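Here is the structure we will look at.
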Amino acid sequence: MEKIIKQFLSEVNKKNQNEPEFMQAVTEVAETVIPYIVTKDIYYGQNILLRMVEPERVISFRVAWIDDNEEIQVNRGYRIEMNSAIGPYKGGLRFHPSVNMSILKFLAFEQVFKNALTTLPMGGGKGGSDFDPKGKSDTEVMRFCQSFMTELFRHIGPNKDIPAGDIGVGGREIGYLFGQYKRLKNEFSGVLTGKGVSWGGSLIRPEATGYGVVYFIDEILKNNSDGLKNKLVVISGSGNVAQYATEKCIDMGAKVLTLSDSSGYIYDKDGIDKEKLEYIMELKNIKRDRISEYIKKYPKAEFHSNKKPWSVKCDIAIPCATENELDLNAAKELLKNGCKTVGEGANMPCKSDAVNLFLKNKIQYAPGKASNAGGVAVSGLEMAQNSLKYTWSREVVDGKLKEIMSDIHSSCLQYGNDKDYVNYVKGANIAGFVKVADAMLAQGVV
Ligand code: NDP
Ligand code: 2IT
């Protein structure tokens, strides 16, 4: 078995040199899915995984724009259309200086499995740019978004490819992107998700990823006759996912001790309550300031510059910032301090050796493609509402989100339940694979 996996990975590696994040995501899937494929006659010998790791289409383009000093700036834009076997390409756009082909291919690959798990008809894609929105004026962000969409618009469409937000792309950016698409196409359509509620957006979409990850963690705990009440929670990030994960933890009676950004983390031993969270939302979403400002307002809290929050004692850790933010040492520290549950809000925030340590120690560990699927799931519900030309209430959307997260949990149990331990990595990868593979087999070699 090991030989087959190694051979497969070396073949993929040959074609994808210098793409470490993509290879990291592919390796995790290969290690769990290949042992399953070899036991199934319908999949064996069909090279399905080899087809899945090859994007259906990769688009890369120049984004030129003029900054406030009238200087010409040039960024690179991308869209990876990874797999459309079960529906149109669907996935976010990331604007961050670190964006490159490897990062977007890993995100697009993960998205294929995640979207399959949601039970909704969405294929997988991802895009973005190395543009850094930090420190840019609103009008600079608008001009960049307009230039970006002036190329992207010809590749996307409500039945073709439907982008959404991710790091650096929130409601403001989706607004500017949508405005430019509408102008170029002279068409008001559901081409993007995460839109404002008054112009085609869904209620609960901003909250969905953060709420969803907490619903998923609640499912894990319930499966062990436990719950979130009075649990100590450590969260990283302070953006969209972190904020709403915090809100839902508070609602469910847990105590959130930390949040972070790329400059460090805050530790509030009294817990971040609703009022403090409201302050953080204003700080991050409106003032677009740094998390360190928190201790000026709440001097009893601590700020740890250039550090990550994983050394703080907790029951549950929810990494919600970015990939590979939790390494082996951090995982050891969490274990030493008695942490029992790790639910990923971000995509691939735990390094492979950290994940292996969690699995070896039977930590309840939920990979992002299962636990953070709530965001794209509600994007799918936004698409459904756009098609119906109708809107559902908060309660209806939240109810559907809860049901979807519970169904994803059941799918993980179906394929990942090993006697006394649920391996959610194995469960999520095989469940996602089966759905996409069956569709690919039905559609022939294309
Ligand atoms: P935001 O841009 O709203 O927030 C990102 C947060 O992570 C910020 O606090 C940011 O700090 C921090 N961060 C980003 N990059 C780094 C880095 N390289 N090092 C340290 N900190 C960093 O993004 P989201 O909350 O939307 O996304 C967070 C994660 O969740 C990502 O992995 C994303 O792919 C994933 N995700 C998002 C979904 C969504 O619906 N938005 C859905 C599913 C997954 P700073 O401001 O200092 O950069
Ligand atoms: O990683 C993700 O699932 C997202 N950024 C959300 C994608 C979407 O289409 O809503």
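The values are calculated or read from the model by the stated rules, or taken from the named source; none is laboratory data. The shown structure was predicted, so the numbers you read here are calculated from the model rather than taken from an experiment. When we count neighbours, we look across all protein chains shown, and the Cβ atoms used for this are built from the backbone with ideal geometry, even at glycine. These area figures cover heavy atoms from the full protein model, side chains too; ligands, DNA and RNA do not enter into them. Shrake-Rupley method; radii C 1.70, N 1.55, O 1.52, S 1.80 Å.
TYR78 meets each of the listed conditions (1) in contact (Cβ under 8 Å) with a residue 60 or more places away in the chain; (2) more than 23 Å from LEU381 (Cβ to Cβ); (3) in contact with a Ser or Thr (Cβ under 9 Å, 6 or more places away or on another chain) apart from (1). Is it the case that PHE61 is of a type in the set (Phe, Trp, Tyr) and touching a strand residue (DSSP E or B) at 6+ places or on another chain (Cβ under 7 Å)? For PHE61, the condition - of a type in the set (Phe, Trp, Tyr) and touching a strand residue (DSSP E or B) at 6+ places or on another chain (Cβ under 7 Å) - is met.
Annotation: ALA85 fulfils all but one of (1) open to solvent by less than 30 Å² (accessible area, probe 1.4 Å); (2) within 14 Å of ligand 2 (Cβ to nearest atom); (3) under 25 Å from VAL434 (Cβ atoms); the unmet one is (2). The residues of region 281-339 that are open to solvent by 60 Å² or more (accessible area, probe 1.4 Å) and among the hydroxyl-bearing types (Ser, Thr, Tyr) amount to a single one, SER305. Can you spot a residue in region 223-237 that is open to solvent by less than 40 Å² (accessible area, probe 1.4 Å), basic (Lys, Arg) and either part of a loop (DSSP other than H, G, I, E, B) or more than 24 Å from MET142 (Cβ to Cβ) (or both)? Yes, that holds for at least one residue. If the condition is being in a helix (DSSP H, G or I) and within 12 Å of ligand 2 (Cβ to nearest atom), then region 193-207 contributes ARG205, PRO206. Annotation note: Cβ proximity below 7 Å between a residue of region 151-168 that is on the phi > 0 side of the Ramachandran plot and a residue that is more than 14 Å from ligand 2 (Cβ to nearest atom) (sequence gap 6+ or interchain) occurs for GLY168/PRO133. In this structure, LYS136 qualifies as among the basic types (Lys, Arg) and either part of a loop (DSSP other than H, G, I, E, B) or touching a Phe, Trp or Tyr at 6+ places or on another chain (Cβ under 6 Å) (or both).
Hey, does region 385-407 have a residue that's away from ligand 1 (no atom under 14 Å from the Cβ), open to solvent by 30 Å² or more (accessible area, probe 1.4 Å) and more than 27 Å from SER198 (Cβ to Cβ)? Looking through region 385-407, at least one residue is away from ligand 1 (no atom under 14 Å from the Cβ), open to solvent by 30 Å² or more (accessible area, probe 1.4 Å) and more than 27 Å from SER198 (Cβ to Cβ).
Every residue, every condition in (1) without any contact (Cβ under 8 Å) to a residue 24 or more places away in the chain; (2) assigned to a loop (DSSP other than H, G, I, E, B); (3) within 24 Å of ASN429 (Cβ to Cβ), yes or no:
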{"position": "PRO121", "(1), (2), (3)": "no, yes, yes"}
{"position": "MET149", "(1), (2), (3)": "no, no, no"}
{"position": "GLN180", "(1), (2), (3)": "no, no, no"}
{"position": "VAL191", "(1), (2), (3)": "no, yes, no"}
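When region 89-104 is filtered for residues that are touching a helix residue (DSSP H, G or I) at 6+ places or on another chain (Cβ under 8 Å) and part of a strand (DSSP E or B), the ones remaining, listed by number, are LYS90, GLY91, GLY92, LEU93, ARG94, PHE95. With respect to being free of Cβ contacts under 8 Å to residues at least 40 places away in the same chain, out of contact with any helix residue (DSSP H, G or I) (no Cβ under 8 Å at 6 or more places or on another chain) and hydroxyl-bearing (Ser, Thr, Tyr), SER225 fits the description. Taking the listed residues ASN423, ASN429, the one that is in contact (Cβ under 8 Å) with a residue 12 or more places away in the chain and in contact with a Ser or Thr (Cβ under 6 Å, 6 or more places away or on another chain) is ASN429, with no other qualifying.
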